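The values are calculated or read from the model by the stated rules, or taken from the named source; none is laboratory data. All values reported here derive from a predicted model rather than from experimental measurement. Cβ atoms come from the backbone with ideal geometry, glycine included; neighbour counts cover every protein chain shown. Heavy atoms of the whole protein, side chains included, go into the accessibility calculation; ligands, DNA and RNA do not. Shrake-Rupley method; radii C 1.70, N 1.55, O 1.52, S 1.80 Å.
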Amino acid sequence: MLAEKLLLNVLISLAPVLLFSILIENKRKINYPILCGLLQSIAALTCMIFSYSNYGFNWDLRYVPLILAFLYAGPVAGGMVVTTLLGARILMGGETVVFGLVNTLLTALVPFLLNKRFFSYTPNKRLVLTTLLCGWSLLLCYISLTTFRYFEGNFLKLDFNIPDLFLVALIQTGAIALEAKLVEGIIERSRMQKEIQRAEKLNTLGEIAASIAHEVRNPLTVVKGFLQLMQQDEKGKNYQYLSLVLSELGRAESIINDYLNFAKPKFEKIEEFPLKEVLAEVVMLLEPLAAKQGVRLESELDSTGFTLVTDRNQLKQALVNLIKNAIEATPDGGKVTIHNNSDNNKASILIMDTGKGMTPEQLARIGTLFYTTKDMGTGLGTSVSLRIIETMNGKVFYKSKPGVGTEVRMVLPGSQKTALVNF
């Protein structure tokens with residue numbers, strides 16, 4: 001009978017996860033923490049209704065929705081489930097009502113404390129952690145049962161021969177591991193969909209930008225050529241005006257080239273070179289800018305001799321843009337630090353600044369065309385840099401906190417010759 005009840009509880013606790021995945025697929029505009037809290041509260045309450053009574057306790061899987069709600073949906077959803085469980089347990093009454101209330105609160109305490117750091121772990125670590133928290137709830141149940149027996153007049157001893165508790169442990173551990181795996185699958189699928197949508201938008205914008213840039217660059221070239229001829233013959237006061245116009249035309253050409261590079265970075269010269277050498281060149285190039293801004297530019301470069309096979313100039317452009325962003329975001333007296341480390345397969349470059357930082361909303365929009373946190377700028381330089389790194393089969397990760405600073409981590413594969421010969 002206990003096994004049947006617990007297996008029914010497994011199906012009940014699976015229902016919120018399945019419903020949640022359907023709602024995400026339909027892209028409904030809903031408050032996900034509230035919805036998750038509501039679904040998990042109903043699941044926890046239903047598990048309590050279909051529980052099995054023995055040893056004076058009700059055996060069910062009510063803590064599975066509780067742990068999942070706190071870890072994956074946050075304190076609002078978890079608080080809803082806790083409130084539901086406490087209210088239901090008080091209404092049920094019985095000799096062990098106090099034990100039930102204490103168990104619920106202590107079970108909820110650990111996932112509540114872990115919630116803020118939970119998503120900083122990898123998916124596999126999150127899965128392991130969720131399963132371990134299931135063990136925490138089982139330990140509390142065992143302590144409660146032992147204590148209750150002592151109050152009933154039995155000797156206080158550690159009794160491991162409790163078949164019901166063993167069966168609950170087995171099924172509950174399997175249930176929470178399965179559900180956490182399903183939730184991780186939903187998270188990964190949602191992330192991939194967003195990545196695909198972002199890539200499609202960037203490709204569309206890139207094609208539009210490239211077509212417009214091609215059309216605009218041709219007449220600009222003609223205008224620039226005639227202005228240069230006029231400047232050669234001009235000796236009067238209009239000479240300085242022509243110089244200014246040519247300068248602005250050059251800037252316009254530079255912006256157009258950025259658009260073309262964003263659409264499809266051109267890797268014209270593939271060569272093998274030490275990563276440290278390029279980083280040292282970029283640091284030397286940007287030191288005057290940092291000094292002008294009153295920013296201290298420091299570098300701690302790995303001396304392992306790690307080499308890359310790619311377009312050196314394109315990589316320099318990406319590094320210059322990202323480090324320049326860090327310098328410009330850092331106030332007078334601040335610091336920008338560049339680290340790099342590598343192994344046999346990949347290199348990691350870390351750019352850290354002590355600037356104003358960014359909010360999660362701003363971080364989510366980094367790399368979007370025309371988005372920038374600067375007072376002056378188009379955001380095109382960052383978009384081009386990210387595009388270059390992506391074309392090199394690399395990845396860029398941002399981490400920032402307002403008032404503290406920003407970290408940009410670039411990860412580049414060690415051998416890219418095969419991937420880049422077509423560009």
Of the residues Ala15, Ala43, Ala3, Ala77, which single one is closer than 20 Å to Cys141 by Cβ, small (Gly, Ala, Ser), in a helix (DSSP H, G or I) and out of contact with any Ser or Thr (no Cβ under 6 Å at 6 or more places or on another chain)? Ala3
Name the single residue that is farthest from Ser385 (Cα to Cα) among those in the range 242-261 being modelled with pLDDT of 75 or more and open to solvent by 40 Å² or more (accessible area, probe 1.4 Å). Ser243
Scope the range 117-129; condition under 17 Å from Ile176 (Cα atoms) and either modelled with pLDDT under 90 or within 19 Å of the chain's Cα centre (by Cα) (or both); matching residues: Phe118, Pro123, Asn124, Lys125, Arg126, Leu127, Leu129
Tell me, please, whether a residue that is of a type outside the set (Lys, Arg), at pLDDT below 85, out of contact with any Pro (no Cβ under 6 Å at 6 or more places or on another chain) and surrounded by 15 or more Cβ atoms within 10 Å (Cβ to Cβ) can be found in the range 155-162. yes
Selection from the range 273-299 of residues that are charged (D, E, K, R) and without any contact (Cβ under 8 Å) to a residue 40 or more places away in the chain: Glu277, Glu281, Glu287, Lys292
Of all residues in the range 90-104, which are within 21 Å of Gly78 (Cβ to Cβ) and exposed (fewer than 13 other Cβ atoms within 10 Å of the Cβ)? Ile90, Leu91
Which listed residue, of Lys292, Lys224, Lys276, is at pLDDT 85 or above, touching a Leu at 6+ places or on another chain (Cβ under 6 Å) and part of a helix (DSSP H, G or I): Lys276
With respect to the numbered conditions (1) buried (at least 19 other Cβ atoms within 10 Å of the Cβ); (2) among the polar types (S, T, N, Q); (3) at pLDDT below 85, which one is the sole condition not fulfilled by Thr378? (1)
Residues being within 19 Å of Val396 (Cβ to Cβ) and surrounded by fewer than 19 Cβ atoms within 10 Å (Cβ to Cβ): count how many of those fall in the range 307-320. 4
Does Phe57 satisfy the criteria of being aromatic (Phe, Trp, Tyr), surrounded by 17 or more Cβ atoms within 10 Å (Cβ to Cβ) and modelled with pLDDT of 90 or more? no
What are the pairs with Cβ atoms under 7 angstrom where one residue, in the range 95-116, is modelled with pLDDT of 90 or more and the other, located anywhere, is of a type in the set (Ser, Thr, Tyr)? Sequence gap at least six, or different chains. Asn103/Ser144; Thr107/Tyr63; Thr107/Ser137
Does Gly334 satisfy being over 24 Å from Glu287 (Cα atoms), modelled with pLDDT of 85 or more and surrounded by 16 or more Cβ atoms within 10 Å (Cβ to Cβ)? no
Of the residues Val76, Val81, only one is open to solvent by 40 Å² or more (accessible area, probe 1.4 Å), in contact with a Gly (Cβ under 7 Å, 6 or more places away or on another chain), β-branched (Val, Ile, Thr) and closer than 21 Å to Ile176 by Cα; which? Val76
